[in-house]
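Working notes for the structure below.
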Amino acid sequence: MDQRLASHSEDFSSWYNEIVQRADLADYSPVRGCMVIKPYGYELWEAVKSGLDRRFKETGHVNAYFPLFIPMSFLEKESEHVEGFSPQLAVVTHGGGKELEEPLVVRPTSETIIGHMYAQWVHSYRDLPLLINQWANVVRWELRTRLFLRTMEFLWQEGHTVHATYQEAEEETRRILDLYADFAISDAAIPVVLGRKSESEKFPGALTSYSIEAMMGDKRALQAGTSHNLGQNFAKAFDVTFLDEHNETQYCWGTSWGVSTRMVGAIIMVHGDAQGLRLPPLMAPVQVVVVPIYRGGDEKNTVLESVAALVRELKDAGVRVFLDQREEYTPGWKFNDWEMRGVPLRIEVGPREVAEQKLTCARRDAPRGKGKRSVLRAEAKEEVVRLLAEIQQSLHDQALAFRDSNIKEPKDYGEFKEIVQDGWAYAWWCGGTKCEAKIQEETTATSRCIPPDQETGEGRCIYCGEKSSERAYFAKAY
RNA sequence: CGGGGUGUGGCGCAGGUGGAAGCGCGCGGCGUUUGGGACGCCGAGGUCGUAGGUUCAAGUCCUAUCACCCCGACCA
């Protein structure tokens with residue numbers, strides 16, 4: 001096998017496809033567009049899950065599970081929703097050897113079936129808010145797929161809440177958006193921008209959609225999470241009503257929000273470099289790999305003994321550490337292998353280290369060959385914990401610097417067109433669907449989101465020149 | 001669905017004008033090795049995407065078909 005990886009800077013797309021497979025994250029399935037998530041990749045997903053799940057619980061949400069199959073008629077109850085999703089539906093028409101009276105849709109998202117249940121569960125303002133999340137798989141018949149970024153079946157969480165007022169629903173939508181951003185930034189070390197989606201980019205059936213957007217290593221944008229204010233659309237379609245304090249029947253106000261296995265793709269594409277993955281310590285299945293180095297049998301015993309104590313000590317400190325004792329590979333081979341798998345910190349222990357009571361630590365976030373340093377054995381625990389925190393921060397800072405240096409504010413449309421060929425544009429925009437469609441047609445870039453709380457002001461739409469009160473990010477997106 | 005490309009051991013590939021299926025990596029065994037992708041010897045592994053056709057003879061030529069990948073449109 002050619003041991004070099006496709007060029008990160010020149011062929012990002014191939015680099016991504018190769019690294020996903022070579023780092024053992026996922027594999028292609030026999031079914032087009034689907035993927036097999038391998039243990040190392042699944043551990044990454046589990047890190048995403050636990051980071052989010054903890055935050056959901058802290059904000060009062062509980063988990064539940066709704067069925068995979070949804071009666072076709074449910075989808076049809078909300079017109080924008082069915083229009084948006086019908087091209088992407090997988091439909092079961094037969095079961096038990098017979099044609100079904102009503103086809104069952106394999107859920108592309110669960111607003112409808114959850115709306116149906118909520119109609120039965122909610123009666124009084126005292127039942128509100130209802131804050132439920134589910135971890136599930138969904139299916140969308142995508143035309144063009146890519147491991148983790150867009151597969152026909154993917155794993156995600158979908159939160160579905162109902163509230164007594166518009167205000168509460170809007171607050172929930174924004175709370176979750178902030179929660180997503182906090183997870184992305186603090187845990188995944190991905191600096192995201194957040195904001196409102198344009199009319200054409202919003203979720204089918206929503207009043208308002210918000211998203212977090214991240215810049216990948218090739219400067220394209222990736223929507224890494226969405227939060228929708230559904231208004232009363234689904235409540236009206238499914239008759240989700242409650243009696244308020246004045247004994248009057250009201251429709252509930254709903255939200256829904258999701259983050260998927262795509263987040264794993266984002267982690268790969270934001271942090272990866274020419275050598276392979278670079279995982280933020282908080283996400284990394286293996287935070288520290290220990291590579292023992294020895295020649296003869298005597299050395300081996302001494303080194304392994306020393307290393308065993310080190311591993312125990314780090315484990316006790318709560319560090320996810322792996323001892324690479326494989327006999328069939330040389331240390332050099334292991335260095336490359338673990339660099340490709342993105343392990344944040346590598347510790348090399350040979351006779352030299354044992355004799356000097358030291359460790360050699362190599363940071364994955366530093367340029368290749370530059371991150372080695374010597375650490376006193378006695379200070380191993382403290383140093384490792386400190387280094388991991390430093391690496392977490394450094395990966396974030398590198399991604400932030402990269403992102404910010406590739407976002408530019410165009411003065412005119414000519415400049416805009418150039419900017420979005422290789423970066424993001426932050427530009428005044430009238431918000432018009434026509435302008436956006438034209439921009440997409442001429443540049444293939446789309447609006448990513450309109451940040452809230454932007455400095456107020458007035459400008460001219462980058463495309464049509466009309467007076468505009470808001471700016472939006474525009475970029476080519478995945 | 002439009003445009004481009006590729007199908008040959010597990011992976012990456014080579015196989016002008018038809019004439020006994022090869023190379024590298026990986027894999028198994030034995031031995032020597034081990035501080036940035038070690039080496040030697042032996043060995044296993046392929047109905048050349050599929051179906052037709054031309055021919056004494058097809059990986060190679062013709063026809064059809066399928067799959068996958070890349071670039072767009074749909075999308076988390």
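Since every read-out is calculated from the coordinates, none of them should be taken as a lab result. The structure displayed is predicted, hence computed values, not measured ones. Ideal geometry is used to build each Cβ from the backbone, glycine not excepted, and the neighbour counts take in all protein chains shown.
Arrange the peptides A:146-157, A:292-303, A:267-278 so that the one whose residues have, on average, the most other Cβ atoms within 10 Å appears first.
Going from most to least packed, we get A:267-278, A:146-157, A:292-303.
FRET efficiency for residue A:123 and residue A:59, Cβ-Cβ distance as r, R0 = 30 Å, nearest 0.05?
Working: r = 24 Å, r/R0 = 0.81.
Efficiency, rounded to the nearest 0.05: 0.80.
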Item to check | Gain in span if fully extended, residue A:245 to residue A:167, counting 0.36 nm per residue against the direct Cα distance | outcome: 26.4 nm
Checklist entry - Would you list A:255, A:208, A:109 from fewest to most Cβ contacts within 10 Å? => result A:208, A:109, A:255
Checklist outcome for this item: residue A:390 neighbourhood, Cβ < 9 Å, K/R = +1, D/E = -1, net charge +1
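I need the per residue convex hull volume for region A:304-386, using only the alpha carbons, in cubic angstrom as a whole number.
So the per-residue hull volume is 98 Å³.
Take each of the peptides A:7-13, A:19-25, average the number of other beta-carbon atoms within 10 Å over its residues, and list them starting from the highest. Mind dumping the intermediate values first?
Details: A:7-13: 12.7, A:19-25: 20.3.
Answer by packing, highest mean first, reads A:19-25, A:7-13.
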Item to check | Within-13-Å neighbourhood charge of residue A:42 [Cβ basis; K, R +1; D, E -1] | outcome: -2
Checklist entry - If you add up the charges near residue A:146, with Lys and Arg at +1 and Asp and Glu at -1, over every other residue whose beta carbon is less than 14 angstrom from its beta carbon, what do you get? => result +1
Checklist entry - Straight-line reach from residue A:358: which aspartates and glutamates have a Cα under 18 Å away, not including same-chain ones fewer than 8 places off? => result A:299, A:305, A:313, A:348, A:379, A:382, A:383
Item to check | Per residue Cα convex hull volume in Å³ - calculated over region A:1-134 | outcome: 201 Å³
Checklist entry - When the scattering of chain A is computed by the Debye formula from its Cα atoms alone, each counted once and equally, what is log10 I(q)/I(0) at q = 0.06, 0.10, 0.11 Å⁻¹? => result -0.33, -0.83, -0.97
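Of all the Cα-Cα pairs you can form in region A:98-234, what percent are over 28 Å apart?
More than 28 Å apart: 24 percent of the Cα pairs in region A:98-234.
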